[in-house]
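Got a structure for you, questions after.
None of the figures in this text is laboratory data; all of them are computed from the coordinates on show. Source: prediction; values computed, not measured. Glycine gets a Cβ as well: all are built from the backbone with ideal geometry, and neighbour counts include every protein chain shown.
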Amino acid sequence: MNGYVWRPALKAAGIDAGTDTGMHALWHFYASALLEAGVSIKALSEYLGHHDPAFTLRTYTHLMPTSNDAVRHAIDALWT
């Protein structure tokens, strides 16, 4: 798929097809964004075809810029 669809689409958009622009990078971003949006790790793991939710968590979870704010707000809410 990379060679037939993805890379030609990147070229048409004027984007260099480097290692950070492959389908894996898109899939990785998608999984991280769903986790940040509140999709459960179990549901995401099943959707991605992983047998172990811990693998999904280790592989696809990255602290997004808003995650730090969400943590601070959750802790602040405990004290207000």
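What spacing in nm lies between the two simple spin-label points modelled at residue 47 and residue 16, each 7 Å away from Cα in the Cβ direction?
3.2
Turning to a different aspect of this structure: Could you please tell me the mean projected area of the C-alpha convex hull for the chain, averaged over all directions and given in square nanometres to one decimal?
Mean projected area of the Cα convex hull: 7.0 nm².
Sticking with this one: Under a point spin-label approximation (7 Å from Cα along Cα-to-Cβ), what is the residue 70-residue 57 distance to one decimal in nm?
If labels sit at residue 70 and residue 57, their model points lie 1.4 nm apart.
For the pair residue 6/residue 25, report the inter-label distance in nm, with labels modelled 7 Å from Cα in the Cβ direction.
Label at residue 6, label at residue 25, 1.0 nm between them.
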